[in-house]
1. Across the stretch 250-274, which residue is nearest to Phe170 (Cα to Cα) among those that are in contact with an Asp or Glu (Cβ under 9 Å, 6 or more places away or on another chain) and touching a residue at least 24 places away in the same chain (Cβ under 8 Å)?
2. Select from the stretch 313-360 the residues that are in contact with a Lys or Arg (Cβ under 8 Å, 6 or more places away or on another chain) and not in a loop (DSSP other than H, G, I, E, B) and list them in ascending order.
3. Just to verify a result, which residue in the stretch 337-360, among those that are under 17 Å from Ala11 (Cβ atoms) and hydrophobic (A, V, I, L, M, F, W, C), is surrounded by the fewest Cβ atoms within 10 Å (Cβ to Cβ)?
4. Out of all the residues in the stretch 239-261, is one or more under 20 Å from Gly178 (Cα atoms) and either within 41 Å of the chain's Cα centre (by Cα) or among the aromatic types (Phe, Trp, Tyr) (or both)?
5. Filter the stretch 86-115 down to the residues that are in contact with a helix residue (DSSP H, G or I) (Cβ under 9 Å, 6 or more places away or on another chain) and more than 15 Å from Gln310 (Cα to Cα) and list them by number.
6. It is to be established whether one or more residues within the stretch 259-275 are among the hydroxyl-bearing types (Ser, Thr, Tyr) and assigned to a helix (DSSP H, G or I).
7. Considering only the stretch 69-86, state which residues are open to solvent by 50 Å² or more (accessible area, probe 1.4 Å) and free of Cβ contacts under 8 Å to residues at least 60 places away in the same chain.
8. Given the condition surrounded by 13 or more Cβ atoms within 10 Å (Cβ to Cβ), at pLDDT 90 or above and charged (D, E, K, R), answer yes or no: does some residue in the stretch 87-94 qualify?
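The values are calculated or read from the model by the stated rules, or taken from the named source; none is laboratory data. What you see is a predicted model, and the numbers here were worked out from it, not measured in a lab. Please note: Cβ atoms are built from the backbone with ideal geometry, for glycine as well, and neighbour counts cover all protein chains shown. Accessible surface is based on the protein model in full, side chains and every heavy atom, while ligands, DNA and RNA are left aside. Shrake-Rupley method; radii C 1.70, N 1.55, O 1.52, S 1.80 Å.
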Amino acid sequence: MEVTATKTDSANVSVEAKIAKSDIDKRVEKIAKQAAKQMKIDGFRPGKAPVSVVKKRMGERLMQDAEAEALREVLNTASKELELDADKIIGEPAVTKFDRGEEAIEVELKLSLRPEIEIEGVEALVPEVKTPRVTKKEVEERIRELAEAQAPFVSLEEDRGLEEGDMAVFDFEGFLDGEPFEGGKAENFELRIGSGQFIPGFEEQMKGMKKGETRRIKVTFPEDYGNKDLAGKEAEFEIKLHDIKVKEPVEIDDALAQKLLGKEDATLADLEKEVKEQIRSEKLSKLYNEELKPKLVEALVEKFTFDLPQSVVEQEIEMALRNKVQQMSEEELAELRENEEKVKELRESLREDAEKSVRATFIVDALARKEGVEVSEQEMMQTIYYEAMSMGQDPQQTFEYYQKQNLLPAIKMAMIEDRLLSKLLNDKNEKSKTKEETPEKEEV
């Protein structure tokens with residue numbers, strides 16, 4: 001076996017090898033003999049079947065196993081030649097050539113290595129974090145929203161029509177081509193007008209109705225409606241309004257604060273302070289996620305340059321290409337199928353962003369290890385379960401889907417990135433707080 005291994009750069013290795021046919025034959029013989037000791041074949045005692053019978057029984061599989069074994073030896077030889085540790089090799093080797101000749105198999109492999117990155121001077125790249133201002137008006141508006149959420153609905157005594165924000169209590173029945181359809185009927189149904197709970201046009205046409213009034217309205221079900229029998233079809237609904245309910249005013253006082261904070265001695269001032277901090281936290285989170293984190297990642301990618309493992313870059317391009325294709329029209333897809341050059345052009349147009357994404361991933365990985373930022377398997381599972389439940393999905397099925405699609409490593413890395421960037425920004429924020437600051441002025 002002839003093996004030549006060359007480091008094309010610090011993250012990529014090219015391996016060329018010639019595997020003699022006689023070498024493969026010897027491996028086939030060895031594997032067949034090992035299999036003969038374990039195989040049970042009718043007419044022979046266990047482990048006593050002739051090798052020739054085993055070869056006939058196993059057929060092409062013996063050759064495949066022998067070639068796979070030879071490839072592993074090629075990889076091991078290359079690793080020893082270049083003194084590569086197993087943990088430096090990323091993923092599986094890419095076989096770029098495997099030509100079976102009469103005398104030998106010519107093989108070419110590409111190996112990807114984990115980049116070695118010297119992470120220094122990161123603190124200077126972290127953008128300044130200015131604590132968001134919270135105005136008195138914002139606090140008052142939030143408390144009014146909280147008070148309204150606590151307010152119960154009560155029957156309207158005033159003689160007026162149904163308005164936006166009212167709770168309608170009504171009977172309805174739906175008809176397609178004059179005939180009632182299944183699931184289109186309910187009695188004493190409660191619907192808050194303007195909630196968007198019903199199909200477009202339904203709630204709008206109810207406005208102005210008075211208690212005891214009956215009205216017939218026409219609506220069209222959306223094309224993507226869940227029930228295919230109704231999707232895109234026009235229907236009529238007969239509605240009878242029984243009651244109109246409105247929110248009962250709630251006093252904004254110490255009693256409300258005590259209810260919302262769950263403390264018997266809480267005051268309105270305590271509630272205002274709590275709400276102010278909550279709004280500030282929301283603003284800071286939005287600032288982090290929408291502005292500072294992307295800015296920090298961009299700065300890190302520009303600061304640290306190093307060789308990238310090309311197999312990882314190609315995987316990133318392939319994933320971006322699939323996402324792009326999913327958004328294309330049938331005409332665009334047909335054009336790609338007929339023109340291979342266009343596919344190549346599209347792939348190349350994605351390369352720069354793919355390289356930035358891969359570079360960012362390795363920087364985050366190296367920096368997370370340096371900062372001691374980790375995400376446990378349990379934490380990842382809890383996050384997946386929580387998000388699945390919040391979207392009304394089955395948590396176990398969601399986890400299993402991610403597992404089958406091999407998406408768990410990407411999810412874990414995204415969580416590590418989020419935790420790392422938050423830590424860097426929080427550290428910067430804490431340092432900025434120690435500096436002398438002027439008192440905050442709030443708008444009235």
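1. Result: Val250.
2. Keep residues of the stretch 313-360 that are in contact with a Lys or Arg (Cβ under 8 Å, 6 or more places away or on another chain), which gives 313, 317, 321, 335-336, 346, 350.
Matches in the stretch 313-360: Val313, Ile317, Leu321, Glu335, Leu336, Leu346.
3. In this case the residue turns out to be Ala360.
4. Taking the stretch 239-261 first, the residues under 20 Å from Gly178 (Cα atoms) are 239-240.
The next check asks that each one be either within 41 Å of the chain's Cα centre (by Cα) or among the aromatic types (Phe, Trp, Tyr) (or both); those that pass are none.
No, every residue in the stretch 239-261 fails to be under 20 Å from Gly178 (Cα atoms) and either within 41 Å of the chain's Cα centre (by Cα) or among the aromatic types (Phe, Trp, Tyr) (or both).
5. Matches in the stretch 86-115: Ala86, Phe98, Arg100, Gly101, Glu102, Glu103, Ala104, Ile105, Val107.
6. no
7. Arg72, Asn76, Lys80, Glu83, Asp85, Ala86, listed by residue number.
8. no
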